[in-house]
Amino acid sequence: MLNSFKKEKNGVKIRFLAILLLFLPISTELRAQIDDVIEDLATIDNVESESWEQTYDILSELQDNPLNLNTASPEDLRLLPFLNEYQIEDLSEFLHRYGAIRSEGELAMIESLDENTRRLLLRFVYFGDEEQAKLKLSDIARKGRHELLFTGRAPFYERRGDKEVYLGPPYRHSLRYTFHYQQQFKVGFVGSQDAGEPFFTNGNGLGYDHYSFYVQAQKLGRLKNITIGHYRLNFGQGLVINNDFSFGKLIALTTADRNQSIVRGHSSRSEFNYLQGAAAVVALTSDLDLTAFVSYRNIDVTPNDDNLSIRTILTSGYHRTNSEMQRRRNASEFVGGGRFAFRRHRWNAATTVVYDAFNKPLKPVLKRTLSTLYREIQPEGQHFWNASIDYGYRHPRFTFNGETATGSCGGVATINTLNLKLLKPLSLIAIQRFYSYRYYALHSNSIGEGGAAQNESGILVGMTWHPSRRLTLTGYTDYAYFPWARYQVSKSSHVWDNLLSATWRRGKWKVNARYKLRLREKDLSDHTALQTVTEHRGRTSVVFTENHWNLKTQIDLSHTGNEENNAKSFGWMASQSAGFRARNVSVDALFAYFRTDDYDSRLYLYEHGPLYAFSFPMFYGHGIRYMLMAQWQPRQNILLTAKMGTTNYFDRATISSGYQQINASSMTDLDVQLRLKF
C-alpha cells in the first residue's frame, strides 16, 4: 500500500509540474477574484447550508458583469448584498449632487463607505459613462456582450457507484451562456450535468440533466423589470419568500437594515431553489411599485406508498441511479403572488402575498419517535398561502425595520432590527425574531439558526467598530430558543452563538483573527435528557501582497466537547497559499496539513477555483491537501483555466461511504474551463 501511495503521489506531482510549465512562460494581469470576500464573510454555519453555493453563484455573476456605478439606480445598488441603506442612499445622493465618480479617491469622500466596503465595492462596479442610453432594439445585437463558458471536472479515482449503479459517466460538466446589453437587457442559459448522471442515455434524451434560462429587461419606463424563465425573489426580510441570497449573521451586521425587493434572473447549476415563469415590477407612481410573479415547475419528491401524496421534497438535484430517476420531476408546484412597495424619503413599507399549491398533497408519514418529533411541524396539505407587512424608517443616526408574517398555517413570524450609528466609526445592531413553531412558509429564508423562519425566538446584538483607519472589529452574540423539537433534539432547547473578528490592514499586509464560541443543546444517546455541546473555532491568517505576488498563511483550530462521557474532539489545520499574477497569466498554489480527532472537529478551507465553481472542501481525520490552478488569457476574449487538487489521507484506506465510496487513501480531481467573450 505504501508503494502505491508513493507512486500515486509522484504521478500527481508530475501532472502539477506539467500544468505549471505549460502556463508559466506567459505573463498577464487577470482581474482579482472574490476569494477574500468569501473568506471574510463565511462561517461554518452558512458554508454547510444549502444556499451557500447559490450565494457564490450570485457573487460570481455580479463580479463577472459589474455595475456601471455612475448609472446605477438605488434598485441596482440593492443587488449588491453587502451595502446597507445608509451607503446606498449616500452613493445615490453623491452621484446626484456631484455627477460621475471617476476614481477610488472620489469614493473615499463618501463617509459611510469605510475602506473595507470600498475594496469590496470595487470588485463589482466600474466607473462608466454618466448618461444611460435608452434601450433600443437596434442596439442590443450590435452592442451586447456574449459570453460562453465550458466547465468540466474529471476524477482520477473510481467510486463504488461508478462500477455498480450510476447510469452515466463519472464526469461533471456544464455549459453557460450569458448576454448583456449594459444593465438593461440580459439573457442567461446553463446546461449542467453531475457526475454519474446519464447524458443522452438511460431515460435522459435531452442531454444535460438540468437546464436553466432567463430573459430580463429593465428600465423600460414604468416597467422597471420584467424577467421570463427562471428567476429568484427576495422580499422584505425573507419571512414569506427569499430564494435569492443568504450570508447569515455576519453579513447581517451591516445589511440587516434593508427591506429587500429583488427580482433576479437564475442561470445556475442549482436545481432546486428557483421559480419558473415570469415576474414583473411596475412603477405605479414615483413612490409605489407593484411586483407580480407566477411560477409553475416540476419538482423532485419522494412519494408515499399510495403514490397519491408527497412524503418529502427533494433538493439535491441528483439523478444518477434508477431510483433517483424515478423521483425526477414526478410532482409539480405552482407559486404566484405580488407585492406593493412604498418608499418616500425616510419611510418604506410593503405588503407581500404568496400562494403555493402542489398537484399532490404534502403528507409526511411518520412513525412517532423521539428522534423524529422535529418533523411533526413540517408543512402538510396541498394549498398554502402567506402574507406579510414589512416596514422601515431611516434616521441619520439610526434605522428601524422589520417584517411580520402569517399564513394558512395559523402561526405568526416577526423580525425587527434596530441599527444605531453612535459614532462615525462605531455602529451597533439589535435583531429580534420570533418564529412560531406553527408558522411556515415554503420559500422563507431569514436570519436565524436554521435558515427557515420556524420554531425559533431569539435576539442578536452585534457591532462594527473602526477604532483606527487600519483596524476593523466586528462581532455578535446571539441567543436563540426553540420551543419545539429539532434535529437531534427531542424537546425545547437553546443555542448561544458568539463571534469576534479583527482585521488589520497596513500597506501590503492584512492580518485577520477570528474566534467563534457556540453552545447548543443536544439529546443524550438514550434521549432521556439534553446535554450541552460546546464548540470553539478559531482562525488566524496573514496575507502579504506585492505587485504580482500574494502569500497567505492560515491556522485553523476547532475544539468541541459534550457532557456525555466528557467527550472531547480537537482539530487543527495549517495552510499556505501563494499566487502570481502578471499581464495575462495567473497561477495559484495551496498546501494544507490537517489533523482532527473526528468529524465533530472538522474544518473547512476555501480555495481558488474556476469561475462559478464553488470550492470550500471539508476535512477531518489526518491528511494533506494540495492544489495548483493556472489561468491563461492569450487574448482579451479568451480565458483558459486548469486546476488540479489532491487530498491524501494518512488514517484510512477508503474515502466516503455508500455509492460514493472510493477504495483508496487519496483522491485527485482535474477541473478545466474555457471562457469566450465576443
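The values are calculated or read from the model by the stated rules, or taken from the named source; none is laboratory data. Please read these numbers as outputs of a predicted model, since none were measured by experiment. Ideal geometry is used to build each Cβ from the backbone, glycine not excepted, and the neighbour counts take in all protein chains shown. Heads up: the accessible areas ignore ligands, DNA and RNA and are worked out on the full protein's heavy atoms, side chains in. Shrake-Rupley method; radii C 1.70, N 1.55, O 1.52, S 1.80 Å.
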**Asked** Can you tell which of THR641, THR646 is under 13 Å from ALA613 (Cβ atoms) and either assigned to a strand (DSSP E or B) or in contact with a Leu (Cβ under 8 Å, 6 or more places away or on another chain) (or both)?
**Response** THR641
**Message:** So in segment 345-360, with the set limited to residues that are surrounded by fewer than 16 Cβ atoms within 10 Å (Cβ to Cβ) and at pLDDT below 95, which one is nearest to VAL240 (Cα to Cα)?
**Reply:** TRP347
**Request:** Enumerate the pairs (first residue in segment 211-225 and within 14 Å of VAL263 (Cβ to Cβ); second residue anywhere and surrounded by fewer than 18 Cβ atoms within 10 Å (Cβ to Cβ)) with beta-carbon separation below 6 Å, excluding pairs fewer than 6 apart on the same chain, so at least 6 apart or on different chains.
**Result:** VAL215/ILE228; ALA217/ILE226; LEU223/VAL282; LYS224/ALA283
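Hey, could you check segment 149-181 for residues that are acidic (Asp, Glu) and part of a helix (DSSP H, G or I) and say which is surrounded by the fewest Cβ atoms within 10 Å (Cβ to Cβ)? Step through it out loud before you land on a result.
Initially, segment 149-181 is screened for residues acidic (Asp, Glu), giving 158, 162, 164.
Cutting the leftovers down to part of a helix (DSSP H, G or I) gives us 162, 164.
On the way: ASP162: 19, GLU164: 9.
Ranking the candidates gives GLU164 first.
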**Request:** Output the residue which, of all residues in segment 302-325 that are hydroxyl-bearing (Ser, Thr, Tyr) and assigned to a loop (DSSP other than H, G, I, E, B), is most open to solvent (accessible area, probe 1.4 Å).
**Result:** TYR318
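Against the condition open to solvent by less than 40 Å² (accessible area, probe 1.4 Å), modelled with pLDDT of 95 or more and of a type in the set (Gly, Ala, Ser), how does SER295 come out, does it pass? Please lay out each step first, then the result.
Values: open to solvent by less than 40 Å² (accessible area, probe 1.4 Å): yes; modelled with pLDDT of 95 or more: yes; of a type in the set (Gly, Ala, Ser): yes.
Taking the combined requirement at face value, the residue satisfies it.
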**Request:** Of all residues in segment 366-397, count the ones that are in contact (Cβ under 8 Å) with a residue 60 or more places away in the chain, among the aliphatic types (A, V, I, L, M) and not in a helix (DSSP H, G or I).
**Result:** 1
**Complete:** Subset of segment 570-593, residues among the polar types (S, T, N, Q), open to solvent by less than 40 Å² (accessible area, probe 1.4 Å) and under 22 Å from PHE616 (Cα atoms), comes to SER575, SER577, SER586
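Which residues, taken from segment 506-520, are part of a strand (DSSP E or B) and open to solvent by 40 Å² or more (accessible area, probe 1.4 Å)?
Start the filter on segment 506-520 by keeping residues that are part of a strand (DSSP E or B), which leaves 506, 509-520.
The answer is ARG506, TRP509, VAL511, ALA513, TYR515, LEU519, ARG520.
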**Message:** Can you report the number of residues in segment 477-505 which are outside any loop (DSSP other than H, G, I, E, B), under 25 Å from GLN531 (Cβ atoms) and within 24 Å of the chain's Cα centre (by Cα)?
**Reply:** 10
**Message:** If I go through segment 613-670 residue by residue, how many of them are surrounded by fewer than 16 Cβ atoms within 10 Å (Cβ to Cβ) and among the basic types (Lys, Arg)?
**Reply:** 2
**Request:** Would you mention how many residues in segment 521-536 are open to solvent by 30 Å² or more (accessible area, probe 1.4 Å) and touching a residue at least 60 places away in the same chain (Cβ under 8 Å)?
**Result:** 1
**Asked** How many of the residues making up segment 477-509 are at pLDDT 95 or above and β-branched (Val, Ile, Thr)?
**Response** 2
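Does ASN550 satisfy being on the phi > 0 side of the Ramachandran plot, open to solvent by 10 Å² or more (accessible area, probe 1.4 Å) and either in contact with a strand residue (DSSP E or B) (Cβ under 7 Å, 6 or more places away or on another chain) or not in a loop (DSSP other than H, G, I, E, B) (or both)? Talk me through it step by step, then tell me what you get.
On the way: on the phi > 0 side of the Ramachandran plot: no; open to solvent by 10 Å² or more (accessible area, probe 1.4 Å): yes; either in contact with a strand residue (DSSP E or B) (Cβ under 7 Å, 6 or more places away or on another chain) or not in a loop (DSSP other than H, G, I, E, B) (or both): yes.
Against the criterion (on the phi > 0 side of the Ramachandran plot, open to solvent by 10 Å² or more (accessible area, probe 1.4 Å) and either in contact with a strand residue (DSSP E or B) (Cβ under 7 Å, 6 or more places away or on another chain) or not in a loop (DSSP other than H, G, I, E, B) (or both)), ASN550 does not qualify.
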**Fill in**
Only unsatisfied item for PRO364, checking (1) modelled with pLDDT under 95; (2) open to solvent by 50 Å² or more (accessible area, probe 1.4 Å), is (2)
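Going residue by residue through segment 657-671, is there one that turns out to be without any contact (Cβ under 8 Å) to a residue 24 or more places away in the chain and more than 28 Å from ALA578 (Cα to Cα)?
Narrowing segment 657-671 to residues without any contact (Cβ under 8 Å) to a residue 24 or more places away in the chain: 657.
Subset that is more than 28 Å from ALA578 (Cα to Cα): 657.
For segment 657-671, residues without any contact (Cβ under 8 Å) to a residue 24 or more places away in the chain and more than 28 Å from ALA578 (Cα to Cα): present.
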**Prompt:** Of the residues that make up segment 217-224, is at least one among the aliphatic types (A, V, I, L, M), under 19 Å from LEU59 (Cα atoms) and surrounded by fewer than 21 Cβ atoms within 10 Å (Cβ to Cβ)?
**Reply:** no
**Item:** Enumeration of residues in segment 416-455 that are closer than 22 Å to LEU83 by Cα and of a type in the set (Gly, Ala, Ser)
**Value:** SER427, ALA430, SER444, SER446, GLY448, GLY451
